[in-house]
Structure formats: C-alpha cells, structure tokens
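A.B. asks: Before anything else, here's the structure in question.
What follows is calculated from the coordinates using simple rules that are stated; it is not laboratory data. Worth saying up front: this structure is predicted, and the values here are computed from it rather than measured. Reconstructed Cβ throughout: ideal geometry from the backbone, glycine too, with neighbour counts over all protein chains shown.
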Amino acid sequence: MSEPSWFSQPFSPAGGITAEGLRNQLGRPELSVLTVLVREAAQNSWDAKESRRVRFTLDLRAVGPSHMPAWRELLRGAPRESGALQSLNEVLRRPTIRYLAVVDRGTSGLGGPTRSDRFAEPGQRGWLSFVLNSGEKQDTDGGGGTYGYGKGAFFLASRVGTVLIHTRFRDADGRLRTRLIGSSLLASYNDEQRPFTGRHWWGDAQEDHCEPLMDEDATRMAERLGLPAFDDGATGTTVVVLDPDLRDPSHDEDVAPDLSMREAGEFLADAAAWNLWPLTLEDRAPRMDVTVTVNGDTVAVPDESTDATLAHFATAYRRAAGHGADTEIHCKNPRRLLGHFAAETTLGARVRSRAAEELGLERDTAPHHVALMRRPDLVVGYYQGQAKSHPELGYAGVFKVDDALDTVFSRSEPPTHDAWVDAQLTGYEATYVRVARRRLSERCADLAGPKHAPKVVESTPVGAVSQRLGFLLAGVGTGAPLEGDDGAASPPTAPPTPGADRARGDAGGGGTAGAPGGRSGRTRRPQLLDHPRFENLDGTWLLVQRVRTAAPGRVRGLIGVVTGEGVETSAPASAEQPQVVGWRREDGSVVHGTEVDVAAEEIELLARPVEDAAVEIDVEWAENVS
Amino acid sequence: MSTLYPRLLPAETETLFARLSDVAAGAADPSAAITTARAVYAASGGMRVHRDQLIGLREEVRRAAVDHGYPARPGVEARNGFDRRVARILHASMGLTAGEASQRQVWAYLALVLLPDVCAWRFPANDAGKFVADRFKGTDLTRHTLARLWWRAQVLRDETRVDDPYWMLEALGEADLDQVMARRRSVAATPSLVRMVVRVTAESTDATGRDVLRDLLKRLLRLTAFLDLDWLDEAELRSLVLRERAVSMANLTS
C-alpha cells in the first residue's frame, strides 16, 4: 500500500452536513468535556459488549520519544484549518504530544462496510455509524444511546478536533480483522472555489472517500504510534483523543488552568466512578472493569470498597434491583408502575469528588441524593432531595425506571443523557416523567425527616452539673472525662498531662478546672481557669484557655490528641496535630510560640485544635522558678 | 446456665507461678493436676464445672498443642495455629459468661493448675529462666495465655454466620489481630466495631497490608475518645469504618 495520507471531504452535489454541525450535535452540555467523554465513551463500549466482562480503560499519556517520528509524520500532512481550539500544526510544533486513549476490550469492535453507500445488515453497522455517519438509530438491544451522537464527545474532548480509531473485530467468516483510521472535525472552508465540509480522515485515501489502514498495515502503524495493542483473539476499539482538553472543569472555560496529567487522571477516575458505578459492581454480570492510567501508572478508581458514599448507593441499588413490592413507585393517574426506589441512610459519609459535584452532588456534605438510572444502568444524574437536619446524616437513594417505560424516559433526555426533561414529551408520557420527579421529592422529604431550623433555646455551661456528677466516673477509663454538648470534639476540662510531669490525681473528677494536681515543689502549677472555648481569630478557629500563674517565670503550653486509650503517641498518617499557637495577654497583645514569660497574672493560651478529635491542654513551668 | 470454674487463691497463684519452672513439659499428670484445695468457686451464678469436663478440656487443649509440635519449642506457625484452634475450643466448650471470664483467678487456675505444661510450652521462659507473669496469673486478660484467646473469640464471634461463627479468628494475621485486640483496648471495647474492622479488612481486595490497618486503628482511636459507637447499626458502622479506611489509604499512598 502507499503511505497513509489525509482525505478532506468536499460537499457532494446533494449537500452535506458541516463539521461544525456535527460538533454541535451534543448541544452545549452542562457537564465538562471530560465527564461527557467518560459517559459517552463508556456507553458506546457498554452497547458494544460481547463478553460478560467489558474492560474499559482510560489511558492518558504523553507520546514517548521512540514513537514521536510516527506522530510527526502523521501530523505533517494534516489539514491547516483550525475550527477546533487549535490547529493540528500547532500540536506538531510542541515538544510533547499528549493523548487520551479510550480503550475497550471484550466488545465487538467496529465491523461492516467501510463506505456508507453500501448496504449493511443491522449489527454490521459499527464502522458506518461510528466513523462515517451521524445520528444513526440505536441498533443494539439495551443500548443507552438513542441518538448515535455520543461519538461527538470524543471530538469535543480533543483540542484539535481529531481522534484516531483503532479497532479489531471478527468478520462474517470469523476472522480477526484490524482497522485504523484518523478522523477530524474541523471547520468548513473553500479551497480554490470548491467547498469542503471540514471533515477529514487520515488513512488509505481514495478518490471519493477514505479507507482505513487494514490488518497488517493497521497493526504496524498502531505499533509505530505506540497505541495499546490487542491481546490474542481480543476484539474491541481504541479511540485516541489527540491533545485532550484538560482544562480544570471547576473553573470558567475562559480562564480555566490546565490540570496536570495526574490531576486529570484523578478527575477521570472520579468521573468514571460516579457515572459508571452501577456497571462496575462486583456481583453483576455482565459487568465493566474500569481502569485509569496516567503514563502507565494506575490511578485508583473509587468504588464501594473505598468510598463510603458509593457503598451506600451500591446497597440501595441492590435493593432497588431486587424489585420488591416495597420499592415500587407508582403513578396513580394513569395507573402505571414507574420504577423502583430504595435508599440507605448514611452516617459520616461525605462526597469528596469534584466529578461527583458536576452530577448534582454537593461536595463535603453528607449525600442527600437519588441516583437516577434506566435500563443500561448508567447514572443519568443525581436528584437532590431535602437534606437531613444533622450534618453527618444523609441518604443515598437509587431510582431505576421500569423497563417498560425506558423509551419514554430516554426520549426525555437531552443528547448527553444527563437529565429527564418532561417538556420534551407530551400527554401521559410527560406525566410519567413529572410524577416520577414528584414521588422522588416526596420520598426524599420522608427520608430527611421534618425540617427544622436549629434554634438555641438556652446556652448553659454544663460544668457545674458535670462537677456534681463527676464522681460517677471516678476510676473509669484512663483519660480525663470528656464533655461535649454538641457532639463536637471537646477538650477535657480537668488539667491534662500530656507531658512527663504526670500529676493528675483527679481523673474522673469532671470539670474541676483550676484544681491542678498538687504543687511542683517550688511554685504552684499554672492553673487552667474555666472551660476552654472556641474563638475565631482572623478566620481561624482557635481554642482559647485561660491560665493563671502564681509567680513570674516562663510557662510552656502543651496540647495533644486524646484517644480512647489516653494521650496519642503515634498519629495517623498525614493527620493534623493540634498546636500551641501563642499567648494573649490581658491587654490583647499576642505572643507567638509555645513558651512565654509571665508575671503572676492571667493569660490566655491560644491553640489550634484538630477536627474530629478530642484534645488535652496543659500548661507547665518551662524552667525552674526561683 | 453458665458454668463456674475454680478460682485459684492469690497466694496459691504466687506459689504455683514460682514453681512453674519445675513443670517440665509433659511431667504433669492430668488427673492429679486438675484439682487443688486452694481454689474456690463463686457461690452462685451457675453450675460448678464437673471434673470430667475439666479433664475433657485439658485433653482437647493438650491435643491441640501436640498437633502443633508439643513439646518441641513452637515456631511462629505452630503458635498461631495453636492459638486459633484453642480460641475456638475455649469459647465453644467452656460455657463461660463474660462475667466469669473477667475473673483473673479463673484464668490463673486454668493456666497454673489445669494446663501449666501447655501454657509454659506456649510462652516459654526467657533465657534467664523467667516466665512472664501476665501470661499465667491473669493480671492482664489481654495478655494471659488462655484468657486473651477466649476474649478474642468472644469479641469476634459472628452470630450472622451460622456455618462458621468463628471465621474471623482466621481472617487476619496474628500480628494484625493482636493490633486490634490487645493494643487497642478502646477499639476492642466495642465488639461490633472490632468485627467491622476485621470484616472490612478481610473483604478488602486492595493489597495494602498492615499499614492501613494500623492507621485505621489510630484514626478510630481518635474518634472513640468522644464518640460512643455502640449504638451504631451494622450499616452505619460499616460506612464509618470504610470512610476512615479510605482516608487512611489515601494518606498512606499520597
């Protein structure tokens, strides 16, 4: 064969769609390009599944030096028009070329005719609908895509509007065939008075269309480019998104900085987890294995074993999938089963991922959401219900549309399948979608419990009570008794002894602040007065403890985490440690550092506490006092 | 009804412990050894254990020791295998209540009168010929040769698994279990928490090893200082442990 070259599509006499038109088919999704890419690519792969295990890999990498020459060759003859964010020539000039390979295996690959004017049996339209045509009707059973527009996501994710498609499938005779082609959606243009659509292909260019590189040629070229290979007998497709758009999705498009490769990998892993989790559950078949790698290093994809919130969603999913009578959601007029709903209460689970935030979950709060899905089990979105009144409590629900109504709900979805919009439907169909949403709202309200705004009836220190009751705890435990009227970490009120100078004789005494354990031999130990309290100083919450010193000298503040077993001797990895910040004198002046010179006076110790831990405070003489 | 066991009087405990080095492995005669006049029973609260039961118990534990190489000095594997088996034997057959099992003299009796040879085999004297008192006297039930096994089984018994309620005894390595049970008393004070930690660790497929478990325990320790976890149900506890574990993993791998 001759060397592969570029083919640019001229308008045909019968008209044609421009590259811009094709790119716009996805609309302007609310979701970021990376998220849309993960969703649409996974859906394509899932629709093409041929085995009980679909392996879906997102492989982000920079082209290595050994493969660079092949890429430069590929790009040298590339169309000069831009139309996408950048032109292909700009990529060529850059020292590194990056790409995101979306790899699926255990899938059928893209077979069938390679030119669109040939008749193709249903089931033999893979190549046609993915590489050549647009807007083909769904042709696989149970497929989530109803538009055949999903592939637009690959082009949108490429800054240069260009992808390579490398696929292997079994032909009608059962032989393994391989194809490789490049495809660009740029901008329509005129060349010497002749109009072109702006669609280009790179491969075995013919008079009026472009054939892919085939079999040996394809395999050899894929090798030269360093693309992921096919194992023996494996079928599937690799779509290489050239120069992926890695702008940080949490910023406005215009000013968003690029994510590092690693960050982008983590975002992709999160996006895969939160969009695809129902497909990846351990106990389902067929199921999808998702892997994310950055330059060959695996990035962990959160799943139910590592993420508490996902674990709850998974449990709810299994219950809803059980189709018990208690999970049914009905429409009353007309009478119709809409789907199945189940929810799990969460405690302490929080949503942490940015990718989840895009789907409607709130970051750093307990989930109060319902994952919406229909037959293909991809997450359409997360419906936000009323939050529970306690910040640590939440719920994770799943609503799955009854299969019989699948087409109705799918038609209510925009091309990106990320919402159910009843306005797109009429009559009963619109009613079903609307009622489903109302029922979810009701269920969520039930789960959340009565709304109530926190109201402070009275604020009373409980020290006096705890002093009276303290004897009940005498001798119990090894740590000082703790009190907290709000469930938050509260420091003990008895003077603690993180240091070696253990002088506490009143463990269990409860709230006997200011009664230190004996004398140091020379001078009374500094006394801790009242209860320590939280105070916001320049935007930081600090713990403030009043201290009385009986003589002049130098005192040292000590603070440490107390655990169920006493003072913590070894902190968890990367865990925050409380710190003495400084001291505040009566006149308001602040001295930084753990030690301070004092007269016989009252002074305040300022310390930084840590979240979710109890701390002990102690003050001792730093040196002998004469 | 629970079974009451003899409680060895403190003075006798000291005497027998001092004479422990005389108990050459295999020298004690079981029928002679199981009784001592210097023991008492709780006045009420159960049936006094029958002599045959004691002989049976001794035989069973001894057989476990023999199967693990007794009287030859046990290696790591033999010690672990013996511990696991004996934990099951003690918990399943003794009929102890937690109250009775909290009596240090009961354990002193078992270690110094009923099974001194086996216990001395399991925790042999150091080079200077001294035995560790905690292993025999019951001064620290988390370190006593037999008591720690019974308590381990008591805490880890999984009522939901009818086929093998003691599966958790084998779910983790010895050092890991020890971390959870002995060194982390406040974690172990909530048995459901221990079970969840073991369950989650056993179920995890990530090859993270001991560091994650240790770090997870440290994190839970911080929480048990001010949270009472006894009232949490299974799912809530699971979510808590999974969350803390995920943080540990993230921190350790970052």
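A.B. asks: For A:TYR395, A:TYR189, what's the fewest-to-most ordering of other Cβ within 10 Å of each Cβ?
C.D. replies: A:TYR189, A:TYR395
A.B. asks: To the nearest 0.05, what FRET efficiency results for B:ASP206 and A:ASP403 with a Förster distance of 35 Å applied to their C-beta separation?
C.D. replies: 0.50
A.B. asks: Any idea what the dipole of the stretch A:5-299 comes to, in debye rounded to 20, about its Cα centre with Lys/Arg Cβ at +1 and Asp/Glu Cβ at -1?
C.D. replies: 260 debye
A.B. asks: If you place +1 on the Cβ of every Lys and Arg, -1 on the Cβ of every Asp and Glu, and leave all else neutral, what size is the dipole of the protein assembly as shown about its Cα centre, to the nearest 20 Debye?
C.D. replies: 2040 debye
A.B. asks: Okay, moving on. Around A:LEU242, what is the net charge, scoring Lys/Arg as +1 and Asp/Glu as -1 over all other residues with Cβ under 10 Å from its Cβ?
C.D. replies: For residues surrounding A:LEU242, the net value is +1.
A.B. asks: State to the nearest 20 debye the size of the charge dipole of the stretch B:1-169 about its Cα centre, where the only charges are +1 on K and R beta carbons and -1 on D and E beta carbons.
C.D. replies: Magnitude of the dipole: close to 200 debye.
A.B. asks: Shifting gears a bit: Would you be so kind as to identify which of A:TRP420, A:GLY348, A:CYS331 lies farthest towards the positive end of the dipole of the stretch A:309-448, taking Lys and Arg as +1 and Asp and Glu as -1 on Cβ and the Cα centre as origin?
C.D. replies: Checked the options; the winner is A:CYS331.
A.B. asks: If Rh is defined by the Kirkwood formula over all Cα pairs and Rg also comes from Cα, what ratio Rg/Rh do you get for the stretch B:171-254?
C.D. replies: Radius of gyration relative to Kirkwood radius: 0.92.
A.B. asks: If you don't mind, there's one more thing I want to ask. Dividing the alpha-carbon radius of gyration of the stretch B:86-234 by 2.2 N^0.38 Å (N being the number of residues), what value is obtained?
C.D. replies: 1.10
A.B. asks: Counting residues in the stretch A:308-419 as N, plug N into 2.2 N^0.38 Å and put the Cα Rg over that result.
C.D. replies: 1.07
A.B. asks: Now, a different point. Could you calculate the contour length gain from A:ASP191 to A:SER134, that is, 0.36 nm times the residue separation minus the distance between their Cα atoms, to one decimal place in nm?
C.D. replies: Full-extension gain reported as 18.1 nm.
A.B. asks: Further question on the same structure: Name the residues of the stretch A:97-113 whose amide N is less than 20 Å from a point 7 angstrom out from the Cα of A:SER260 along the C-beta direction?
C.D. replies: Answer for this model: A:97-100.
A.B. asks: Between B:ASN251 and A:ASP612, how many nm apart are label points set 7 Å from Cα along the C-beta direction?
C.D. replies: Each label point is offset 7 Å from its Cα along the Cβ direction, giving 0.9 nm.
A.B. asks: Which Cα, out of B:VAL197, B:TRP167, B:ALA125, lies furthest along the positive dipole direction of the stretch B:72-206 (beta carbon charges, K/R +1, D/E -1)?
C.D. replies: Result: B:ALA125, furthest along the dipole toward the positive end.
A.B. asks: What does the helix-only formula give at 222 nm for chain B: each DSSP H stretch with n ≥ 4 adding -39500 (n - 2.57), the total divided by the residues, and the result rounded to the nearest 500 deg cm²/dmol?
C.D. replies: Helices in chain B give a 222 nm mean residue ellipticity of -15500 deg cm²/dmol.
A.B. asks: If you don't mind, another one. Looking only at other chains, what is the average number of their beta-carbon atoms within 10 angstrom of each beta-carbon in B:223-232?
C.D. replies: 5
A.B. asks: Regarding the protein assembly as shown, what are the three Cα extents along the principal axes, ordered largest first, in Å?
C.D. replies: Dimensions of the protein assembly as shown along the principal axes of its Cα atoms: 111, 77, 66 Å.
A.B. asks: Listing A:MET373, A:MET214 from the residue with the fewest other Cβ atoms within 10 Å to the one with the most, what is the order?
C.D. replies: If I rank by nearby Cβ atoms, fewest first, I get A:MET214, A:MET373.
A.B. asks: Can you give the longest stretch of chain B with no exposed loop site, where a site means trypsin sites (Lys or Arg not before Pro) in a DSSP loop (not H, G, I, E or B) with at most 12 other C-beta atoms within 10 Å?
C.D. replies: B:20-129
A.B. asks: What aspartates and glutamates could a cross-link reach from B:LYS130, if we take a straight Cα to Cα line under 19 Å and drop same-chain neighbours fewer than 8 places away?
C.D. replies: Correct list for B:LYS130: B:GLU12, B:GLU14, B:ASP22, B:ASP117, B:ASP140.
A.B. asks: Based on the Cβ-Cβ distance from A:ALA622 to B:ARG48, what FRET efficiency comes out when R0 is 56 Å, to the nearest 0.05?
C.D. replies: 0.35
A.B. asks: In a shell of Cβ-Cβ distance under 14 Å around A:VAL591, excluding A:VAL591 itself, what net charge do Lys and Arg (+1) and Asp and Glu (-1) give?
C.D. replies: Its environment carries a net charge of -2.
A.B. asks: Modelled label-to-label distance, A:GLU3 and A:ARG52, 7 Å Cα→beta-carbon offset: nm?
C.D. replies: Simple spin-label model gives 4.9 nm for this pair.
A.B. asks: Which Cα, out of A:GLY64, A:PHE119, A:ASN536, lies furthest along the positive dipole direction of the protein assembly as shown (beta carbon charges, K/R +1, D/E -1)?
C.D. replies: Final value for the positive-end residue is A:ASN536.
A.B. asks: Two-decimal Rg/Rh of the stretch B:60-153 from alpha-carbon positions, Kirkwood Rh?
C.D. replies: Answer for the stretch B:60-153: 0.94.
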